[in-house]
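In what follows, a structure is listed as structure tokens, so that the remarks can point back to it.
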Amino acid sequence: MTAGGQFTPEYLESLADDTEAWGEARLVPFPAPRQERPSGNLPLSLTSLVGRDDDLSGVARVLDAHRLVTLIGPGGVGKTRLALEVGRRLMARYPDGVWLVDLSPLTDPALVPRAFASALGIQETPNRPLAETLTASLRNRCLLLIIDNCEHLVDASARIAERILHTCPRASVVATSREAFAIGGEATWPVEPLASPPDDPIMSVARLAVLPSVRLFVERAASVQAGFLAVGPERRRRRPDLPTPGRAAAGTGAGRRARRVADRPADRRSPG
């Protein structure tokens, strides 16, 4: 190339020689970036799960033998929290993810398939029932569906769960409800309230603190009131600024009897 930026005949000839030496060189395109499928939509856990180790291992064990497990218990007992933790711990089993379908906002049974489609990111197909589109999309996917708050839509929930079991052999379902679906292939797991503290007026705070219901109460109270401590009446008299359990944990659902933890005698051998 000349100083003026022009190609000389010698330079062009060298390029021709190089081309002959290379032969028919071809450009190889870079592979397209791999599109990773989302692994689920479970919300982040903001609290620990207390006192449910036996339930966690039990539900996981039942899922080994049954593709539908319904967690049954009264409202507020912790069915949703347990189901979500089961899903988190079993993610490795399901390469296509663990997906939460929350039915609590719905009142119309006809909208249940749409709630599934929205949670899973499945688009409706014109002139095709949405339930059919759902099962066609899930047919070859290995995933776990958590259907939450089914009790007010139990019939509609049971119908779609049954359809999934029959048409999607690699899909499993964990449902939460106050009553069973009563369909083939279902296993139920009762979720019982955590045991309340015994009515023992001389039981120390240190001994109470190992009970799951009390641990749950103290943890939730501390999340509401920073610095909350479970103490006996003597220390609370010395520290009038310490909140009572009822005020500190109002609305946490830890149980009325657990609120008595602050009124039990402190273990004097304990630092507090």
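The values are calculated or read from the model by the stated rules, or taken from the named source; none is laboratory data. Note that this is a predicted model, so its numbers are computed, not measured. Here Cβ is always computed from backbone atoms with ideal geometry, including for glycine, and neighbour counts include all displayed protein chains.
Overview of results
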| quantity | calculated |
| --- | --- |
| Test set (1) of a type in the set (S, T, N, Q); (2) under 16 Å from LEU144 (Cβ atoms); (3) at pLDDT below 95 - THR70 fails condition number | (3) |
| Options LEU71, LEU63, LEU82: the member that is buried (at least 20 other Cβ atoms within 10 Å of the Cβ), assigned to a helix (DSSP H, G or I) and out of contact with any Asp or Glu (no Cβ under 7 Å at 6 or more places or on another chain) | LEU63 |
| Condition check for GLY97: under 30 Å from ALA195 (Cα atoms), among the small types (Gly, Ala, Ser) and in contact (Cβ under 8 Å) with a residue 60 or more places away in the chain | no |
| Members of region 166-216 that are in contact with a helix residue (DSSP H, G or I) (Cβ under 7 Å, 6 or more places away or on another chain), more than 21 Å from ILE72 (Cα to Cα) and modelled with pLDDT under 95 | PRO197, VAL205, LEU208, ALA209, VAL214 |
| Of the criteria (1) within 17 Å of the chain's Cα centre (by Cα); (2) surrounded by 14 or more Cβ atoms within 10 Å (Cβ to Cβ), which one LEU46 fails | (2) |
| First in region 42-55 and in contact (Cβ under 8 Å) with a residue 40 or more places away in the chain, second anywhere and in a loop (DSSP other than H, G, I, E, B), Cβ under 6 Å, 6 or more apart | GLY51/LEU194 |
| Residues of region 123-158 classified as hydrophobic (A, V, I, L, M, F, W, C), in contact (Cβ under 8 Å) with a residue 40 or more places away in the chain and touching a strand residue (DSSP E or B) at 6+ places or on another chain (Cβ under 6 Å), total | 6 |
| Output for region 160-188, where each listed residue is touching a residue at least 40 places away in the same chain (Cβ under 8 Å) and more than 21 Å from LEU42 (Cα to Cα) | LEU165, ARG178, GLU179, ALA180, PHE181, ILE183, GLY185, GLU186, ALA187, THR188 |
| Count - residues of region 102-129 that are touching a helix residue (DSSP H, G or I) at 6+ places or on another chain (Cβ under 6 Å), crowded, with 19+ Cβ neighbours inside 10 Å and in a helix (DSSP H, G or I) | 3 |
| ALA136 being exposed (fewer than 15 other Cβ atoms within 10 Å of the Cβ), among the aliphatic types (A, V, I, L, M) and assigned by TED's automatic domain parsing to the domain that holds ASP64 | yes |
| Filter pass, CYS150 being buried (at least 17 other Cβ atoms within 10 Å of the Cβ) and over 27 Å from GLY75 (Cα atoms) | no |
| So ARG163, is it of a type in the set (Lys, Arg), in contact with a helix residue (DSSP H, G or I) (Cβ under 8 Å, 6 or more places away or on another chain) and either modelled with pLDDT of 95 or more or in a helix (DSSP H, G or I) (or both) | yes |
| Filter result for ALA175 (within 18 Å of the chain's Cα centre (by Cα), in the same structural domain as LEU100 (by TED's automatic domain parsing), outside any helix (DSSP H, G or I) and not aromatic (Phe, Trp, Tyr)) | yes |
| Given (1) under 20 Å from ASN149 (Cβ atoms); (2) crowded, with 17+ Cβ neighbours inside 10 Å, number of the condition ARG88 does not satisfy | (2) |
